[in-house]
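Peer 1: One structure coming up, written as structure tokens, with questions to follow.
The values are calculated or read from the model by the stated rules, or taken from the named source; none is laboratory data. Worth saying up front: this structure is predicted, and the values here are computed from it rather than measured. Positions of Cβ are backbone-derived with ideal geometry, glycine not excepted, and every protein chain shown enters the neighbour counts. These accessible areas exclude ligands, DNA and RNA; they are computed on the full protein's heavy atoms, side chains included. Shrake-Rupley method; radii C 1.70, N 1.55, O 1.52, S 1.80 Å.
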Amino acid sequence: MSNREASRGPLRSSIMTEGIDRATHRSLFYALGWDADYLRKPLVAVVNSFNELVPGHVHLQPLCQAIKLGIAGAGGTPLEFPSIAICDGLATGHKGMRMPMVSREMIADSIELMITAHALDAMVLLTNCDKVTPGMLMAAARLNIPAIVVSGGPMEVGCFQGTRVCYTDLIEAEGSVEKGEMSREELARLERAANPGAGSCAMMGTANTMNMLTEVLGMTLTDGALIPATYGARIALARQAGRRTVELHKRKILPRDIMTLEAFENAIAVDMAIGGSTNTCLHLPAIAHEVGIELTMNRFAEIAERTPQLALLKPAGKYFAHDMYEAGGIPALMNEMIGHGLIHPACVTVTGRSIAENVAGREILNEDVIHPMGSPISPKGGISILYGRLAPKGAVVKRAAVALEMMVHSGPARVFDQEETALEAIFDGEIVPGDVVVIRYEGPKGGPGMREQLLPTSAIIGMGLGRSVALITDGRFSGATQGACIGHVTPEAYLGGPIALVEEGDIINIDISEGSIDLEVPPGVLEARRKAWQLPERTELEAGSLLERYRRLVGTATEGARLE
């Protein structure tokens, strides 16, 4: 070891701040307004996903300042840098929806770039929405430096004509206007009421689901998931997170000490108990992969079998994220589950204490919102994994949002090679009760980008077909989706999976209770179709474009749609 190397201090950042050969580095920090005393402290990144395009992120600046005050007060030096954040709501229904899944990888990569390039000692990840939170967790797992996640919290509930509403009520109302059951003037008033301010959408969408599971994983402070965006308590929590990050650095508690196999099993169990978004079947495996853990769809299925559903929020139910917070939140739910052996209680968290210690004494305050184990909503979890000739490697459905009469369904396929043509057929009245709408070439590679099929599913509900029509896709769904909507069909159509071979009128059999999805076509006929199959002609992606590179690198949905 050289004298120069030996002179480096115990901090990771000392590679920049100590030694006679680091005068240029120190000078650059001085140019930023820091002096030598601050460079001898842990340099703590604050990754801020604030922007003025996403309601879930527009209010993050005060939280960021609170985090930085907490870091400084605990003896660290806070250094803020930005992260991108896409609003899935604004991206849906057009080619922009190809970008959110791509952004997850870019968020993880960009944080890795910034942290590695600047040799920072620890980080606080300020997030809130669908792909941002999993992208940041992937970065934390990959970098394995002390880290805490802080979310921006859920939006307040809207009110329209005396009824509590949110984003999902608005998108379903569009179908009501098409049917003449609601006037355009009423829709315009609902538009202003459904999303009343800052925060992640008030339902059990992917944003709130992932924030809840981040708390379960142990990567955010207790109650960090559901304190409403507008509450002062969220700013206080942000300040506390800043302080705790410096403490994590002192105690050398790292993300891979926290995100263990047992922690991921806890996350899946709570996901099943809350009836979370099916997108968790993409995100949890991708995060786990970063720490060397393989989460298969079989593991999701196994945990769903033994975990009852204890909560039912919008869009499947009538309650909102705010209601769950008031009912005791994730700590009350987890304490109930620990008491019945459904949670590994000893998992360490960013508090420095175990999950069990964090939630001790927390009680369910409203059993209509969070059911006790003695009276579950369902004996099985809110997500089901289906297998069969149509999805040999699996498909996913949010069973918590499926009407009882659609748990078993058989009907003729109505086949569409992209979202837009399916949506047009639904609004034109071409889809009738009993049909099975098949939307394909929307998978990770086929899209590319695995677009959410939120508009077609919402149109089915809005047109009064939610209890009589199923939808199957190799794409994915929003947490706002309800109905018999089966996604992540693998292998996807772009790779010649069975979904690519379905023809108009083929009978498809679905049994969600039994976990099966079958195509009623003789094997010989299916093989003949396979031999004749060719990719349909579509506008080719420009060579070297972001989406073209993503198509080449992305893996399957059942493995998290992560880059290979």
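Peer 1: In the range 329-352, how many residues are open to solvent by less than 30 Å² (accessible area, probe 1.4 Å), in contact with a helix residue (DSSP H, G or I) (Cβ under 8 Å, 6 or more places away or on another chain) and either under 21 Å from L137 (Cβ atoms) or in a loop (DSSP other than H, G, I, E, B) (or both)?
Peer 2: 10
Peer 1: May I ask you to list pairs of residues, at least six apart or on different chains, whose Cβ atoms are under 6 Å apart, with the first in the range 153-165 being farther than 29 Å from A238 by Cα and the second being surrounded by 12 or more Cβ atoms within 10 Å (Cβ to Cβ)?
Peer 2: So the pair list comes out as F160/L190; F160/A193.
Peer 1: A further question on this structure: With P491, P444, P433 as the choices, which residue is within 16 Å of G394 (Cα to Cα), in a loop (DSSP other than H, G, I, E, B), open to solvent by 10 Å² or more (accessible area, probe 1.4 Å) and not aliphatic (A, V, I, L, M)?
Peer 2: None of the other options fit; the residue is P491.
Peer 1: For the range 424-441, what are the residues that are closer than 23 Å to A557 by Cβ and touching a residue at least 40 places away in the same chain (Cβ under 8 Å)?
Peer 2: V436, V438, R440, Y441
Peer 1: Follow-up question, since we're still on this one. Among the listed residues I364, I355, I377, which satisfies the condition of being open to solvent by less than 40 Å² (accessible area, probe 1.4 Å), more than 30 Å from K252 (Cβ to Cβ) and touching a helix residue (DSSP H, G or I) at 6+ places or on another chain (Cβ under 8 Å)?
Peer 2: It is I364.
Peer 1: From the list S200, S176, S183, pick out the single residue that is farther than 14 Å from H322 by Cα, in contact (Cβ under 8 Å) with a residue 60 or more places away in the chain and small (G, A, S).
Peer 2: Going through S200, S176, S183 in turn, just one is farther than 14 Å from H322 by Cα, in contact (Cβ under 8 Å) with a residue 60 or more places away in the chain and small (G, A, S): S176.
Peer 1: Restricting attention to the range 383-422, which residues are in contact (Cβ under 8 Å) with a residue 60 or more places away in the chain, farther than 21 Å from G496 by Cβ and either part of a helix (DSSP H, G or I) or open to solvent by less than 10 Å² (accessible area, probe 1.4 Å) (or both)?
Peer 2: I383, V397, R399, A400, A401, E405, M406, G411
Peer 1: Right, T481: in a loop (DSSP other than H, G, I, E, B) and either under 26 Å from K380 (Cβ atoms) or open to solvent by 10 Å² or more (accessible area, probe 1.4 Å) (or both) or not?
Peer 2: Yes.
Peer 1: Restricting attention to the range 31-85, which residues are aliphatic (A, V, I, L, M), open to solvent by 10 Å² or more (accessible area, probe 1.4 Å) and more than 24 Å from G9 (Cα to Cα)?
Peer 2: Passing the criteria: L53, V58, L69, I84, A85.
Peer 1: Is it true that H488 is under 27 Å from R299 (Cβ atoms) and touching a helix residue (DSSP H, G or I) at 6+ places or on another chain (Cβ under 8 Å)?
Peer 2: Yes: the conditions hold for H488.
Peer 1: Let me ask something else about it. For the range 124-152, what are the residues that are in a loop (DSSP other than H, G, I, E, B) and either free of Cβ contacts under 8 Å to residues at least 12 places away in the same chain or under 18 Å from Q240 (Cα atoms) (or both)?
Peer 2: N128, P146, G152
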